[in-house]
Amino acid sequence: MELAYYSDYAVRLVNSEEPARGKDNLTSVEAVRALFGGNASAARRATDADVTRFRSVRARLRAVFEAADKGDETLAVDLLNSLLLEFPVSPQISGHDFRDDDGRPLWHMHLADHPSNATAGYAAIAAMGLAFHLTEYGVDRLGLCEAPPCRNAYLDTSTNRSRRYCSDRCATRANVAAYRARKRLEADRSDRTGLPADSAQRATANGER
């Protein structure tokens, strides 16, 4: 599997809650199992007890993204290291599902599921995936959406480190809000100066008052 696949575990779990909107989708064992995606064997281990445990891990993963978003690299790394220590992974070389033209296995690194319970397995994979992403691309590639009130987590894989939103939908919503704010400002300036809105806009652009 690609290591990016593992880092997505962290994003999926963090985004199962939207604190600013008071929404929490992690309310049942079925919701826990859905987070595993196609990993059906790991999902089957989930029980009702994992709901609370998953929420605890989710809060700790969000804290990593929040520290990164504030530019506190040391705190982000420390928080992630604490997860790695508590939920160690079992790396294995695997060749399943991948074959070359001659039918030989394409060997790759695989993070084996922790056997104790569903939370331990998921947390180990999510933390290690996030650690790979952080060390490969930098702490500033861990972001929180800037379109209020969203604040969903995302992994910035853009070539110029320019990503600011978790989705195209949030980017569009933020751009529309900024456009409307500019129009309101232009209208306010027009009311104060007595100039038409387009003249007030040009005055603003030229630094006039």
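The values are calculated or read from the model by the stated rules, or taken from the named source; none is laboratory data. These figures come from a predicted structure and were not determined experimentally. So basically every Cβ, Gly included, is an ideal-geometry build from the backbone, and we count neighbours across all protein chains shown. Just so you know, the surface numbers come from the protein's heavy atoms only, side chains and all, with ligands and any DNA or RNA stripped out. Shrake-Rupley method; radii C 1.70, N 1.55, O 1.52, S 1.80 Å.
Structure above, values below:
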{"read-out": "Residue list for region 1-11, restricted to those being touching a residue at least 40 places away in the same chain (Cβ under 8 Å) and either surrounded by fewer than 18 Cβ atoms within 10 Å (Cβ to Cβ) or in contact with a strand residue (DSSP E or B) (Cβ under 8 Å, 6 or more places away or on another chain) (or both)", "value": "Met1, Leu3, Ala4, Tyr5, Tyr6, Ser7, Asp8, Ala10, Val11"}
{"read-out": "Pairs, first open to solvent by less than 40 Å² (accessible area, probe 1.4 Å) in region 167-191, second at pLDDT below 75 and outside any helix (DSSP H, G or I), C-beta under 9 Å, six or more apart", "value": "Ser190/Pro196"}
{"read-out": "Pair list, Cβ under 6 Å, 6 or more apart: region 23-38 residue at pLDDT 95 or above and part of a loop (DSSP other than H, G, I, E, B), other residue open to solvent by 20 Å² or more (accessible area, probe 1.4 Å) and not charged (D, E, K, R)", "value": "Asn25/Ala31"}
{"read-out": "Residue within region 127-143 that is of a type outside the set (Lys, Arg), open to solvent by less than 10 Å² (accessible area, probe 1.4 Å) and not in a helix (DSSP H, G or I) present", "value": "yes"}
{"read-out": "Positions within region 39-61 being in a loop (DSSP other than H, G, I, E, B) and without any contact (Cβ under 8 Å) to a residue 24 or more places away in the chain, in sequence order", "value": "Arg44, Asp48"}
{"read-out": "Members of region 62-93 found to be free of Cβ contacts under 8 Å to residues at least 60 places away in the same chain, outside any helix (DSSP H, G or I) and either open to solvent by 90 Å² or more (accessible area, probe 1.4 Å) or not aromatic (Phe, Trp, Tyr) (or both), listed by number", "value": "Lys70, Asp72, Pro88, Val89, Ser90, Pro91, Gln92, Ile93"}
